Amino acid sequence: MILLVILQIVLVLVGVAFLTLLERKILGYIQLRKGPNKVGFMGLLQPFADGIKLFTKEFSPPTVSNFFPYLISPIFTLMLSLMGWSLVPYLGYGIFYNYSVILFLCIVSVSVYTIMLAGWSSNSKYSLLGGLRAGAQTISYEVSLILILLSPIFLWNSFKFQDFLYLSEYIGWPLFLVFPLALCWFVTILAETNRTPFDLAEGESELVSGFNTEYMGVGFALIMLGEYSSILLMSFLFSLIFSGLSVLLFSVSVYWFLWARGSYPRYRYDNLMSLCWKSFLPVSLSFLLFFWSISN
């Protein structure tokens, strides 16, 4: 069990390292340039060079920060993301949890507090505003996320990701009905992970860098690892729920995360909230009632 946990953490961190390289390559080609291609063959060693640079930089916290919360917030950000990975039925011990979906929702709900704590403890107006934005955004889209997850729970009468894997693979969804729900899930996880075009917590035009303005070196690296680990986790669950763990859908979902960053402008904040409460909430509720009626 311990070896599996260690192996899974190593695989996730290596995946995150090369995800950052893939993102820089995709953004480079979108902007008609090459991206990293000097360190190692075709830039393959660039993530390790970046990691060494970040983890060896001098740690210099703001003198007016609330030091202890400022220090532990990035650690908890990465730790909660890795806890989420432990629940999925692949090289993890999520297969032993009968209520792994509920525990996953608890982890997602708690993770917003690390961002808010990071923004508040930095004692910077830009960081505080970024943390408040992230809190309001994440809590709002959690409602949509939970309602979307309730649809397969009602349909298959299980709270276990392992059952999701078997049932979606061997029974399947009616794809022509599920496509709008899958689209809502993807946009929701974009907002949950604070990614473009919903990166309102990190708007450089008005918030400098948002909730992580005062972080550097190790702190910034841990926040970045947590964010990219969450991208992989949400894409993994997207594939698990809607296609029975299709590698193709997982790869396409990760690519969409990166492609959206180079293609779409940032949403206005009122439009972001309106999209959640006036569009996704009615759609997810309608699908929930539909699958509830089928299951009964």
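Every residue in segment 12-42 that is part of a helix (DSSP H, G or I), aliphatic (A, V, I, L, M) and loosely packed, with under 14 Cβ neighbours inside 10 Å, please. The one that is part of a helix (DSSP H, G or I), aliphatic (A, V, I, L, M) and loosely packed, with under 14 Cβ neighbours inside 10 Å: V14.
Quick check on segment 98-110. Is at least one of its residues free of Cβ contacts under 8 Å to residues at least 24 places away in the same chain and either outside any helix (DSSP H, G or I) or within 20 Å of R195 (Cβ to Cβ) (or both)? Checked segment 98-110: no residue is free of Cβ contacts under 8 Å to residues at least 24 places away in the same chain and either outside any helix (DSSP H, G or I) or within 20 Å of R195 (Cβ to Cβ) (or both). Of the residues making up segment 43-66, just one is more than 13 Å from A17 (Cα to Cα), free of Cβ contacts under 8 Å to residues at least 60 places away in the same chain and surrounded by 12 or more Cβ atoms within 10 Å (Cβ to Cβ), namely N66.
Checked against the criteria, Y113 does not count as of a type in the set (S, T, Y), more than 21 Å from L222 (Cα to Cα), in a helix (DSSP H, G or I) and at pLDDT 85 or above. Considered as a group, the residues in segment 212-240 that are among the aromatic types (F, W, Y) and either within 16 Å of the chain's Cα centre (by Cα) or at pLDDT below 80 (or both) include one that is nearest to A118 (Cα to Cα), and that residue is Y228.
So if I check each of L45, L128, L71, L149, which one is within 30 Å of L183 (Cα to Cα) and among the hydrophobic types (A, V, I, L, M, F, W, C)?
Numbers: L45 fails: within 30 Å of L183 (Cα to Cα); L128 fails: within 30 Å of L183 (Cα to Cα); L71 fails: within 30 Å of L183 (Cα to Cα).
On inspection, the qualifying residue turns out to be L149.
Residue pairs whose Cβ atoms lie under 7 Å apart, separated by 6 or more positions or on different chains, with the first residue in segment 113-131 and over 13 Å from P62 (Cβ atoms) and the second buried (at least 24 other Cβ atoms within 10 Å of the Cβ) and among the hydroxyl-bearing types (S, T, Y), are T114/S73; T114/T77; L117/S73.
The residue list S284, S230 contains one member that is touching a Cys at 6+ places or on another chain (Cβ under 9 Å) and either surrounded by 21 or more Cβ atoms within 10 Å (Cβ to Cβ) or assigned to a loop (DSSP other than H, G, I, E, B) (or both), which is S284. Quick check on my filter: what residues within segment 131-170 are of a type in the set (K, R) and either surrounded by fewer than 19 Cβ atoms within 10 Å (Cβ to Cβ) or part of a loop (DSSP other than H, G, I, E, B) (or both)? If the condition is that a residue be of a type in the set (K, R) and either surrounded by fewer than 19 Cβ atoms within 10 Å (Cβ to Cβ) or part of a loop (DSSP other than H, G, I, E, B) (or both), then K160 is the only one that fits.
What number of residues within segment 1-10 are surrounded by 14 or more Cβ atoms within 10 Å (Cβ to Cβ) and among the hydrophobic types (A, V, I, L, M, F, W, C)?
2
For residues that are more than 21 Å from T114 (Cα to Cα) and modelled with pLDDT of 85 or more, tally how many sit in segment 49-98. Number satisfying all stated conditions: 6.
Pull up segment 233-262, narrow it to residues that are aliphatic (A, V, I, L, M), out of contact with any Asp or Glu (no Cβ under 9 Å at 6 or more places or on another chain) and free of Cβ contacts under 8 Å to residues at least 60 places away in the same chain, then point me to the one that is surrounded by the most Cβ atoms within 10 Å (Cβ to Cβ).
First pass over segment 233-262, keeping only residues aliphatic (A, V, I, L, M): 233-234, 237, 240-241, 245, 247-249, 252, 254, 258, 260.
Now drop any that are not out of contact with any Asp or Glu (no Cβ under 9 Å at 6 or more places or on another chain), which leaves 233, 237, 240-241, 247-249, 252, 254, 260.
Subsequent filtering for residues that are free of Cβ contacts under 8 Å to residues at least 60 places away in the same chain retains 247-249, 252.
Numbers: V247: 9, L248: 9, L249: 19, V252: 16.
The qualifying residue surrounded by the most Cβ atoms within 10 Å (Cβ to Cβ) is L249.
Do we have T196 as assigned to a helix (DSSP H, G or I) and of a type outside the set (A, V, I, L, M) here?
Values: assigned to a helix (DSSP H, G or I): no; of a type outside the set (A, V, I, L, M): yes.
No: the conditions fail for T196.
The values are calculated or read from the model by the stated rules, or taken from the named source; none is laboratory data. Every value quoted in this text rests on a predicted model; they were computed, and no experiment measured them. When we count neighbours, we look across all protein chains shown, and the Cβ atoms used for this are built from the backbone with ideal geometry, even at glycine.
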